[in-house]
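Novice: My structure is below; once you've seen it, I'll send some questions.
The values are calculated or read from the model by the stated rules, or taken from the named source; none is laboratory data. Remember, predicted model here, so these are calculated numbers, not experimental data. In this analysis, Cβ positions are derived from the backbone assuming ideal geometry, glycine residues included, and neighbour counts consider all displayed protein chains. For accessibility, only protein heavy atoms count, side chains too; no ligands or nucleic acids. Shrake-Rupley method; radii C 1.70, N 1.55, O 1.52, S 1.80 Å.
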Amino acid sequence: MLTIEAKGLYYKALNRQIRKSLSRGEKEIVLKDVLGQRYIGGGLEGKARFNIYGTPGQDLGAFMNGPEIVVYGNAQDGVGNTMNEGKIIVHGKAGEIPGHSMRGGKLFIKGDVEYRAGIHMKEYLKSVPWLIIGGTAKDYCGEYMAGGRIVVLNMENRKTSPVGYSVGTGIHGGAIFVRGDIKQYQLGTGAIFAEFDEADEKFLREVFEEYSGNFDVDTSGMVPGDFVKITRKGRRPFAKLYTPGMNIKTDAPVHFNLTPPCTYACPTGIPTPVFFNLIKNGKVREAQQLMDEYTPFRMSVCGTACPAPCMDACNRGMVDEPLHLQEMAKKYYPDFNPDIQEKEKAQIISIIGAGPAGLSAAWQLARRGYRVKVYDALDDLGGKVRRAIPRERLSDKLLDRDMGRIRSLPIEFNTGVTIDRGTFDKLYKGSDIVIVATGAHISRRIECTGGERIQSGLKFLMDITEGKEIDLSGKEVVIIGAGNVGMDIACESWRLGAKKVTAVDVQKPLAFGHELDTAVAKGTNIVWPKFIEAVDNKKVLFRDGTELKADVVFSSIGEIPDISFLPESVLIDERGYIATAEKSFRSSDLKVYGCGDIRKPGLITDAVGSGRLAALEVNAILTGREFIYPEKTLVPKRRINTLYFGNEEDEIDRCMSCGTCIFCDKCIENCPQEAISRNGEIFTIDSQKCVLCYTCVNVCPRGAIQAEFISDLASDKPGN
């Protein structure tokens, strides 16, 4: 056995000495005090063995064709680069691209590896390379694999995923086996999860045994069932890429904000991360003014009555739990009245309906200087927000805080005014624009025998808010319709003494969030699918032959609007709602707009958002500009790097700002070509330096830098 002292030796001198020793017939060589010397074992053939003490440099064993190398320490980038045959055993960690373009042989690494492990691995006939990683691997593991086997053993059995993102990107051969948790969104383009076969199980058992022998560790507790298999999608997953229809050179990274899931799910479109980032920067008033651009109902709706689809969508749930967005809405509620943004205008806009849609439209238009007149049949403002939401969910005190800010604007309120054809005609002639936001208040009838016994659930709720409660003590209640309103009816029925409450529906119930959780917690039974056959004095009968005892039956299958006051110039669709274009609120009469439930039924927040957008369209038309309907492009979950987040103390700091750049500059710092620069808020990517490696795309914690083919990337569907 020959020992070579490598300390201080230039890498070329060391490699010359190694080759001379082999030419003399040496079969086992010990290299001591190795520190960064490159290309050790590069291109060597035969059956020699090298024992390396220290840290070898890049491309250890590159193009090697037979020898065995054992490293008693860590290794740098490119271990086993384009290796044909032989074996490399690393008793520590390894850097980036281990196993790059391996064509055969075996590479065992005891610890963790960095990015792009196994990139471009390939196989030919019986030459199948192995890359066995004892620890974890970072992003792009198995990128562009054409063959071979990668195994991530995750020996420490960490709770977090042992691999990063974009696993198997571009894979078109071979297989990756990972022990531990891995989600669909971690897979790269072209990669899919696959089922095990007997050959896979046999292979993994061979890996366990050989790994144990190489490092003298116990692998007896490992079983193939602990692993997931990742391979290519179909026979030619990238066949479509190689067509004249796609110019690959244009798929460069670009920096722009995508829509965070909270904003995407919010019908009002509130940009919560932008709101929070302003507060973090000490700009609380600016943050509150930003919210005024979206809704006047921050306390009553956002903070209280809304079922919070934003929280259901919050990506923070991937780390611990969603942000408590409703509490944050109340915590940062403004203590000032809204600003008038523009000078007073001459145009008069009449709004019929003082519910969430009408008041939202009035809020936006009054702040832009228009002369706004609001009409409502009731004596107070709020519509269903005030009359149909139980007081235990939304008190008058909370609602009045929002109403006070709305009333501070120069809006003319005309309450207690019923609109018919005659009064509508007068409003029409005296206004530049009429916005119809009367909502839907006529309960849908259920056509069945005994249907006259079914009571309106909406009227039940509205009577309660007016102090007209009914006694349900000891009674069994059946609610037809299991949406959120149905859950409100259920909760009120329990409060009024009901013995049993059952909600039935013809489809999977649409209820969600707080309303559903509260109703179920009180004991509400939800049954579906159920189709009503008849109702008699004691029960509800269904088409499947079953029945439910019912002392009281409420209907909660939605309402339709009263359109009797509208002129013939306003077309109504087949459902009974004002007809508009898909991304417009303008009716067939160019002076009449519709918003809220009279255009399309939905949640309270749908009505608020509808009123806002209707107002923006009116403002655009009256100022001679084009109305651009706001589109949303959801940032995909797989583009959110959750490893950057955790253990934040303040609630506001828990926001991951998904899809929204906060100028952390990780893309700039990690670009291997130094192709990215920033001037203020403007990012520039030098197309001459960029090599389309997408490192910037994958290190961005928030998914705010993407590739140009965004329609493919902005998706969590398998294969994208």
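Novice: Please work out the C-alpha center-to-center distance from the range 505-533 to the range 7-82 and express it in whole Å.
Specialist: Result: 69 Å between the Cα centres.
Novice: Show me, for the range 137-143, the HN-Hα J-couplings you get by feeding each phi into the Karplus relation (A = 6.51, B = -1.76, C = 1.60, θ = phi - 60°), rounded to Hz, glycine and proline as x.
Specialist: Each residue's phi maps through the Karplus curve to give 10, 8, 4, 6, 4, x, 5 Hz.
Novice: At a Cα cut-off below 18 Å, give the lysines reachable from residue 32, other chains included and same-chain residues fewer than 8 away excluded.
Specialist: 7, 12, 20
Novice: Run the helix sum for the chain: -39,500 (n - 2.57) per DSSP H stretch of 4+ residues, divided by residue count, reported at 222 nm to the nearest 500 deg cm²/dmol.
Specialist: Values: 18 runs with 166 residues, N = 720.
Roughly -6500 deg cm²/dmol at 222 nm, from the helical runs in the chain.
Novice: Check cross-link reach from residue 373 to the aspartates and glutamates: straight Cα distance under 19 Å, and skip same-chain residues fewer than eight apart.
Specialist: 339, 342, 344, 402, 412, 420, 425, 432, 617
Novice: Find the accessible area per residue for the chain; the probe is 1.4 Å, ligands and nucleic acids are left out, and the unit is Å².
Specialist: Working: 32770 Å² over 720 residues.
On a per-residue basis, the chain sits at 46 Å².
Novice: On alpha-carbon atoms, Rg over Rh for the chain using Kirkwood Rh?
Specialist: Values: Rg = 33.4 Å, Rh = 30.1 Å.
A ratio of 1.11.
Novice: Sort 49-62, 401-414 for me by packing, meaning the mean count of neighbouring Cβ atoms within 10 Å per residue, highest on top. Don't skip to the answer; put the middle values down first.
Specialist: Working: 49-62: 22.4, 401-414: 17.0.
Descending mean neighbour count gives 49-62, 401-414.
Novice: Highest first, please rank the peptides 347-359, 176-188, 323-335, 73-85 by the mean number of other Cβ atoms sitting within 10 Å of their residues.
Specialist: Working: 347-359: 27.5, 176-188: 20.5, 323-335: 16.8, 73-85: 22.5.
Going by the mean number of other Cβ atoms within 10 Å, highest first, we get 347-359, 73-85, 176-188, 323-335.
Novice: Continuing with the same structure: Residue-wise, which Karplus ³J(HN,Hα) couplings in Hz belong to the range 647-658, taking 6.51 cos²θ - 1.76 cosθ + 1.60, θ = phi - 60°, and x for glycine or proline?
Specialist: Values, residue by residue: 6, 6, 7, 8, 4, 5, 6, 6, 5, 8, 6, 3 Hz.
Novice: Another question about this same structure. So, in nm, how far is label residue 643 from label residue 670 when the simple model puts each one 7 Å beyond its Cα toward the Cβ?
Specialist: Distance between label points: 0.8 nm.
Novice: Additional query: Step through the residues of the range 380-392 one at a time and calculate ³J(HN,Hα) from phi using the Karplus curve (6.51 cos²θ - 1.76 cosθ + 1.60, θ = phi - 60°), rounding each to whole Hz and writing x for Gly and Pro.
Specialist: Result, rounded to whole Hz: 9, 9, x, x, 5, 4, 8, 9, 10, 9, x, 4, 5.
Novice: Give the total of Lys-Lys pairs in the range 48-168 with Cα-Cα distances below 14 Å; include a pair only if its members are 8 or more places apart or on different chains.
Specialist: Working: 87/106; 87/110; 93/110; 93/138; 106/122; 106/126.
Total qualifying Lys-Lys pairs in the range 48-168 comes to 6.
Novice: While we're looking at this one, here's another question. Compare the peptides 113-120, 418-425 by average per-residue count of other Cβ atoms within 10 angstrom and give them in order, highest first. Can you show the working numbers first?
Specialist: On the way: 113-120: 26.0, 418-425: 13.5.
Peptide ranking by packing, descending: 113-120, 418-425.
Novice: Still on this structure, please answer the following. Considering only protein heavy atoms, what is the solvent-accessible area of residue 456 at a probe of 1.4 Å, reported in Å² to the nearest 10?
Specialist: Only protein atoms counted, so the area is about 30 Å².
Novice: With a 1.4 Å probe and all protein chains kept in place, how do 528, 363, 494, 130 rank by accessible area, largest first?
Specialist: Working: 528 125, 363 0, 494 55, 130 25 Å².
So the residues, ranked largest to smallest area, are 528, 494, 130, 363.
Novice: Please work out whether the range 622-683 counts as rounded, prolate or oblate from its C-alpha gyration tensor, where a ≥ b ≥ c are the square roots of the eigenvalues and a/c under 1.5 means rounded, while otherwise a/b larger than b/c means prolate and anything else oblate? Intermediate values should be presented prior to the final figure.
Specialist: Working: a/c = 2.23, a/b = 1.38, b/c = 1.62.
Oblate is the answer for the range 622-683, as a/c is 1.5 or above yet b/c matches or exceeds a/b.
Novice: Same structure, new question: Checking understanding here: applying a Kyte-Doolittle mean of at least -0.5 and a length along the axis of at least 20 Å (C-alpha), which whole DSSP H helices in the chain pass? Mind showing how you got there, number by number?
Specialist: Details: long enough: 198-215 (26 Å, -0.96); 604-622 (27 Å, 0.98).
The qualifying helices are 604-622.
Novice: Separate question: Where does each of 370, 629 land when they are ordered by accessible area, with a 1.4 Å probe and the largest first? Mind showing how you got there, number by number?
Specialist: Details: 370 5, 629 70 Å².
Order by accessible area, largest first: 629, 370.
Novice: If amide hydrogens are placed 1.01 Å from N in the peptide plane, which non-local residues have theirs closer than 5 Å to the one on residue 503?
Specialist: Hits under the 5 Å cutoff: 479, 525, 526, 527.
Novice: Counting only protein chains, not ligands or nucleic acids, how are 530, 397 ordered by accessible area (probe 1.4 Å), most first?
Specialist: Details: 530 30, 397 160 Å².
Largest accessible area first, the residues go 397, 530.
Novice: Apply the a/c threshold of 1.5 to the C-alpha gyration tensor of the range 438-542 and tell me whether it is rounded, prolate or oblate.
Specialist: Numbers: a/c = 1.21, a/b = 1.12, b/c = 1.08.
It comes out rounded by the Cα gyration axes.
Novice: Here's something else I'd like to know. Which one of 97, 41, 78 is farthest out on the positive end of the charge dipole of the range 20-126, using unit charges on Cβ (Lys, Arg +1; Asp, Glu -1) and the Cα centre as origin?
Specialist: 41
Novice: Test of the criteria: in the range 549-586, which GluC sites (Glu not before Pro) are in a DSSP loop and have at most 12 other Cβ atoms within 10 angstrom of their Cβ?
Specialist: Numbers: sites: 559, 568, 574, 582; in loops: 568, 574, 582.
Here the GluC sites (Glu not before Pro) that fit, given the DSSP loop and packing criteria, are 568, 574, 582.
Novice: How big is the gap, in Å, between the Cα center of the range 536-594 and the Cα center of the range 276-355?
Specialist: That distance is 30 Å.
Novice: Okay, next question. Can you list residues from other chains, or at least 5 along the same chain, whose modelled amide H is less than 5 Å from the amide H of residue 55?
Specialist: Placed amide hydrogens put 34, 35, 36 under 5 Å from residue 55.
Novice: Of all the accessible heavy-atom surface of the chain, with the other protein chains kept in place and a 1.4 Å probe, what percent is carbon and sulfur? Write down the numbers at each step before the final one.
Specialist: Values: 16040 of 32770 Å².
Ligands and nucleic acids excluded, carbon and sulfur give 49 percent.
Novice: Here's something else I'd like to know. Below 12 Å, Cα to Cα, which aspartates and glutamates can residue 229 reach? Residues fewer than 8 away in the same chain don't count.
Specialist: Here the aspartates and glutamates satisfying the reach criterion relative to residue 229 are 181, 195, 197, 200, 201.
Novice: Pulled fully out, how much extra length does the chain show between residue 682 and residue 621, if you take 0.36 nm times their separation in residues and subtract their Cα-Cα distance? Mind showing how you got there, number by number?
Specialist: Details: separation 61, 0.36 × 61 = 21.96 nm, distance 3.17 nm.
Going from the current span to full extension adds 18.8 nm.
Novice: Within a Cβ distance under 15 Å of residue 54, other residues only, what is the Lys/Arg minus Asp/Glu net charge? Spell out each step's value before the answer.
Specialist: On the way: positive: 7, 32, 38, 93; negative: 5, 33.
Summing Lys/Arg as +1 and Asp/Glu as -1 gives +2.
Novice: Largest first and to the nearest Å, give the Cα extent of the range 535-673 along each principal axis.
Specialist: Extents along the principal axes, in whole Å: 74, 52, 28.
Novice: Can you list residues whose amide H is under 5 Å from residue 49's amide H, if they're 5+ apart or on another chain and H is modeled 1.01 Å from N?
Specialist: HN-HN under 5 Å from residue 49: 28, 29, 68.
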